[in-house]
Amino acid sequence: MFSRTTLPSITAIALAFTLTACAGADDSSDAAGDDSALGDGHGSIAGAQELPEPQLHLLTLDETGALSHLDLLDESVDELGTVDGVADVATEGRYAYLVRPDAGAVTVVDSGVWTWSHVDHFHYYRGEASVLGDVEGSGRATVAANDFGAGLFFAETGEAVVLDAATLADASLDERVRVSVEPHDGFIVPVGSSALVTEPGADGSPASVRVVDGEGGLAEAVECANAAGTIATVVGVVVGCRDGALLATIGDSGVAEIERIPYPAGAGAPPATEFRAREGRPTVAAVAGASGIWLLDTRKRSWALIDAGTPIVQASAVDDTDEHVLALAADGRMLVLSGATGELLAATEPIVAASAADPELVTGIELIADQHRAYLNGPAERQLFEIDFADAARIARTFDTAAEPRFTVETGR
């Protein structure tokens, strides 16, 4: 049960708070780390405590704007204040980016818990959390965050901003680069010391991407019709296109190099537009039409298509040894499927108010895949659900909330 205390609202820049000790299930994924991004290559930051286990939390923003941080080990909750006017929340596992369209800003919160991959082992940290402040633009922003930092794109003006991971770790919002392109519904995503930014075609929809270097210089455009959706894997950064995906990897100079992974000939399924996966794995998932699921293996540069057998609204790849794939069905069930065969392995009863007929019901609901558990927030149910997908989709725990948990992300991973 969430317990709540009264705290003042978060004011723009400087509210600091300390998180309680916490620990969670070990995540033994093979994610590779960028040794230059933080500290000495181990993710160490002055004042942070290194701990033997990952510090897994669920960060939730409710209907009142209250921001809560649930410790998944001892079930304690830190109340972090309130932020008004949030329309979306993004994270890479440490920082939360609260999109506030009416304010024309993105509020950045450091959760104070993170995991640092050192290729063959991991380091887990707990530090002092803080609200780093606002990145200002105009209108609503789209955020693409990963271990290199965060890209913030303001569609109304075409302003594209990159925040660097090392700068964020110094509690600074100094921008690595800010460039302007034609206004459109696009995004910018960091890749090493560079970034990828979309550009519109004649009809105003995203039609290509350009590499942006550290000085804001734009390389030649790479075609990517109807560019939509991006995710970082252990291999590189994915961008969805009408005919497949672009995969951006880091060249010797630290600047992104792009290759194309086309869809299989004759697949016939709609393109992927939103990718989900367990952090630090090569395979990612995306919804493909009413019941299809695209699986993109970025290590093998190959696509596979499976059928969930029922309408779905989200899909995520666990990419474990059993190749589990998770899906949120339109009737509110969470499905567990085999990524190898498409076989339905298990399913919950309907637990959240999801409906393909009413997309508003799934706005804000997020299916989170971790190594051993899945998490779902139920705004209408005022609950958070922890599901053991490998144990017949057993609901392991539920956490009651005092208000609707409209947005939920996992931190500490």
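All of the numbers you see were taken from the coordinates with simple rules; none came from a lab. Small disclaimer: the values here were computed from a predicted structure and weren't measured. In this analysis, Cβ positions are derived from the backbone assuming ideal geometry, glycine residues included, and neighbour counts consider all displayed protein chains.
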In whole Å, largest first, what are the principal axis extents of the Cα atoms in segment 141-242? 41, 30, 22
Calculated from backbone phi, Karplus (6.51, -1.76, 1.60) coupling profile of segment 327-339 in Hz, x at Gly/Pro: 9, 9, 6, 5, 8, x, 7, 9, 9, 10, 10, 8, x
Where the eigenvalues come from the Cα gyration tensor of segment 80-180, what are the semi-axes √(5λ) of the equivalent ellipsoid, largest first, in whole Å? 24, 16, 11
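In the neighborhood of D243, defined by Cβ-to-Cβ distances under 13 Å, what is the net charge if each Lys or Arg adds +1 and each Asp or Glu adds -1? Each step should come with its number before you reach the end.
Values: positive: R242, R260; negative: E223.
Overall, the nearby charge balance is +1.
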Using amide H atoms built in the peptide plane, which far-off residues or other-chain residues are under 5 Å from E381 H to H? A353
Which of the listed residues, F122, A48, F399, is farthest toward the dipole's positive end in the chain, when Lys, Arg count +1 and Asp, Glu count -1 at the beta-carbon? F399
P(r) of segment 300-413 in 10 Å steps, Cα pairs, percent per bin? 14, 48, 31, 6, 0
E215 label point, 7 Å along Cα→Cβ, cut-off 20 Å on backbone N: hits in segment 136-170? 160-164
Just the C-alpha atoms of the chain: what Rg/Rh do they give, with Rh taken as the Kirkwood radius? 0.93
Just from the alpha-carbon atoms, what are the Rg and Dmax of segment 178-307 in angstroms? 14.3, 45
Under a 10 Å cutoff between Cα atoms, tell me which one of G127, G364, G254 has the largest fluctuation in the Gaussian network model of the chain. G254
Placing +1 at every Lys and Arg Cβ and -1 at every Asp and Glu Cβ, with all other atoms neutral, what dipole size does the chain have around its Cα centre, in debye to the nearest 20? 520
Given Cβ charges of +1 for Lys and Arg and -1 for Asp and Glu, the option among V135, T230, V313 whose Cα lies farthest towards the positive end of the dipole of the chain is V313
When ranked by the protection proxy of mean other Cβ atoms within 10 Å per residue, highest first, what sequence do the peptides 391-398, 307-314 form? 307-314, 391-398
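What number, in percent, do you get for the relative contact order of the chain if the mean sequence gap of Cα pairs under 8 Å and at least 6 apart is divided by its residue count?
Result for the chain is 13 percent.
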Cut-off under 5 Å, modelled amide H: who pairs with D88 long-range: V99
